[in-house]
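The structure appears below as structure tokens.
The values are calculated or read from the model by the stated rules, or taken from the named source; none is laboratory data. This structure is a prediction, so every number in the text was calculated from the model and none was measured. As a convention, Cβ positions derive from the backbone with ideal geometry for all residues, glycine included, and neighbour counts pool all protein chains shown.
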Amino acid sequence: MLTYLKSFGAAEGVDIDEEAIGYCRDRGLRDVRLGEAAKLPYDDGTFDLVTALDVVEHLDDDRPAFAEMRRVLRPGGRLLVTVPAHKFLWGDQDEVNQHKRRYVAAELREGLLASGFEILRLSYMNALLFPPIAAARLLRRLEHRVRPKTPHVSDFRYPAPSPLNFVLGHVFAAEGAILQRVDIPLGVSVMALAEKPKTANL
């Protein structure tokens, strides 16, 4: 993602894990820093855009992180957030990924508004994958009732088969075209684009 964002301008990354920082630097990405979402290692008003892509669901409390992201944005700067959606989709993968929660759109909206942001877009996403993922999660839940579940086992296997990556790439591309035009009422994830008010003090 950092490599992709660099095509639009200067981009920096933050991670709480030293191994992740090393992984980036081994691949030539030097603009990465060790830090926490609720204590970012940057001055006030540093950025025009902050992204938190599947980040805040890992935190005990997302509000301090939203406030910190607002702090490092310039007035008029924007925040792009994605989070997993719907508590009923909670499954083994959430536990493997150490998620604290899954969201509905209203919860994400409330957290951003309470942190001083203005909402520009709020939509569900990954809608095309919603039926198979919901079915898989519900079937897995039934499976756990008849035999003990194995802790810390991911739903995914790496590396993913190339044909699967090809299909998923086209699915996401098709949905991206839809999201450019309209908000989606249901999906596996929630996306929000929010703005720090242009009149806000740094």
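Conditions tested, residue by residue: (1) closer than 18 Å to LEU193 by Cα; (2) out of contact with any Pro (no Cβ under 7 Å at 6 or more places or on another chain).
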| site | (1), (2) |
| --- | --- |
| PHE8 | yes, yes |
| GLY13 | no, yes |
| ASP17 | no, yes |
| ARG30 | no, yes |
| ALA38 | no, no |
| PRO41 | no, yes |
| PHE47 | yes, yes |
| VAL55 | yes, yes |
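Cβ separations smaller than 6 Å between residues 6+ apart or across chains give the following pairs from the range 1-13 residues that are without any contact (Cβ under 8 Å) to a residue 40 or more places away in the chain to residues that are not in a helix (DSSP H, G or I): LEU2/ALA11; LEU2/GLY13; LEU2/LEU29; GLU12/ASP31; GLY13/VAL32. Between a first residue in the range 121-144 that is touching a residue at least 12 places away in the same chain (Cβ under 8 Å) and closer than 16 Å to THR82 by Cα and a second residue that is in a helix (DSSP H, G or I) and of a type in the set (Lys, Arg), which pairs have beta carbons less than 7 Å apart while being 6 or more apart in sequence or on different chains? Cβ pairs passing all conditions: LEU122/ARG109.
Can you tell me which residue is farthest from VAL72 (Cα to Cα) among those in the range 84-137 that are modelled with pLDDT of 95 or more, of a type in the set (Asp, Glu) and more than 15 Å from the chain's Cα centre (by Cα)? Restricting to residues being modelled with pLDDT of 95 or more, of a type in the set (Asp, Glu) and more than 15 Å from the chain's Cα centre (by Cα), the top hit is GLU110. If the condition is being among the basic types (Lys, Arg) and closer than 19 Å to GLY111 by Cα, then the range 177-199 contributes only LYS196. Can you tell me which residue is nearest to LEU2 (Cα to Cα) among those in the range 80-115 that are assigned to a loop (DSSP other than H, G, I, E, B) and without any contact (Cβ under 8 Å) to a residue 60 or more places away in the chain? Within the range 80-115, the match that is nearest to LEU2 (Cα to Cα) is ASN97. Of the residues ASP26, ASP44, the single one that is surrounded by fewer than 16 Cβ atoms within 10 Å (Cβ to Cβ) and in contact (Cβ under 8 Å) with a residue 60 or more places away in the chain is ASP44. Would you check if there is a residue in the range 62-76 being closer than 30 Å to ARG141 by Cα and out of contact with any strand residue (DSSP E or B) (no Cβ under 7 Å at 6 or more places or on another chain)? Among the residues of the range 62-76, at least one is closer than 30 Å to ARG141 by Cα and out of contact with any strand residue (DSSP E or B) (no Cβ under 7 Å at 6 or more places or on another chain), which makes the answer yes.
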